[in-house]
Amino acid sequence: MNSLRTYEQKRRFDQTPEPKPEKKHGESRRRFVVQKHRARNLHYDFRLEADGVLKSWAVPKGLSPNPKVKRLAMAVEDHPLDYADFEGVIPEGQYGGGTVMVWDRGTYEPENGEQIGALIKKGELKVKLKGKKLKGSWVLVRTGDRNWLLIKHRDRHASEDELTETSPRSVLTQRTLAEIASQEGGNVEKAASGDPRSLSRRKKAMRRS
Ligand code: MN
């Protein structure tokens, strides 16, 4: 069974710059990526490398380092490993049309077993993230069907800092969503609505002067 089938069926690869559905075996570097995605709604796509693909969840509010905060994460289709490098614009009218930013990236360690696929089926997965922004232990717990909760464990990386607000830029290129859209032919106004307001206000002031 090809777990990238759904990914492939949703996209037209002559229309979108997203990577083709290629499953890679033999590689298991346990990378993770969080992609900030201003599609119809703003969300953060959390992806973990396992079984030759990126296991994926859409997290509307993004990951919080605050252990008191439980973030809804919706399981979505597996993505190809090459997707971890994708930052750019998906054309309007295509699936997920909008601007994508590599918001954080790094490696992870499983903390309650090695068989990630089996743990996902079971509905509980503990991971230690080693990203540029996200660090320390999180737990993913399924609460029903596609719905999961993503919660920070108490450790020395726990904090009340709302990273989505305080660190809004790409870890790959330091760009804001609006800058990515503007440089890659996307909808700048729509993308800017996904940047923190302090950033878009500064931008408007710059344009006026
Ligand atoms: Mn998405």
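Per-structure values
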{"quantity": "Helices (runs of 4 or more DSSP H) fully within segment 90-209 counting 3 or more residues that are touching a residue at least 40 places away in the same chain (Cβ under 8 Å) and more than 19 Å from Met74 (Cβ to Cβ)", "calculated": "177-183"}
{"quantity": "Residue within segment 21-33 that is among the aliphatic types (A, V, I, L, M) and touching a Pro at 6+ places or on another chain (Cβ under 7 Å) present", "calculated": "no"}
{"quantity": "Condition check for Val59: surrounded by 17 or more Cβ atoms within 10 Å (Cβ to Cβ) and out of contact with any Lys or Arg (no Cβ under 8 Å at 6 or more places or on another chain)", "calculated": "no"}
{"quantity": "Per-region count, segment 62-87, residues in a strand (DSSP E or B) and among the basic types (Lys, Arg)", "calculated": "2"}
{"quantity": "Top-ranked residue in segment 88-117 [being exposed (fewer than 15 other Cβ atoms within 10 Å of the Cβ) and among the charged types (D, E, K, R); ranked as farthest from Leu48 (Cα to Cα)]", "calculated": "Glu92"}
{"quantity": "Segment 168-194, residues that are under 19 Å from the mean Cα position of the chain (by Cα) and surrounded by fewer than 21 Cβ atoms within 10 Å (Cβ to Cβ)", "calculated": "Pro168, Arg169, Ser170, Val171, Leu172, Thr173, Gln174, Arg175, Lys190, Ser193"}
{"quantity": "Segment 141-159, residues that are farther than 18 Å from Asp104 by Cα and not hydroxyl-bearing (Ser, Thr, Tyr)", "calculated": "Val141, Arg142, Gly144, Asp145, Arg146, Asn147, Trp148, Leu149, His153, Arg154, Asp155, Arg156"}
{"quantity": "Only one of Ser159, Ser200, Ser170, Ser137 that is among the polar types (S, T, N, Q), modelled with pLDDT of 95 or more and touching a helix residue (DSSP H, G or I) at 6+ places or on another chain (Cβ under 8 Å)", "calculated": "Ser170"}
{"quantity": "Residue check for Arg197: among the basic types (Lys, Arg) and touching a strand residue (DSSP E or B) at 6+ places or on another chain (Cβ under 9 Å)", "calculated": "no"}
{"quantity": "Tally of residues being among the hydrophobic types (A, V, I, L, M, F, W, C) and at pLDDT below 95 across segment 140-156", "calculated": "0"}
{"quantity": "Qualifying residue in segment 107-127 (condition: within 19 Å of the chain's Cα centre (by Cα) and within 16 Å of the ligand (Cβ to nearest atom))", "calculated": "no"}
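The values are calculated or read from the model by the stated rules, or taken from the named source; none is laboratory data. Predicted model only: the values in this text are computed from it and were never measured. With ideal geometry, Cβ positions are generated from the backbone for all residues, glycine too; neighbour counts draw on all protein chains shown.
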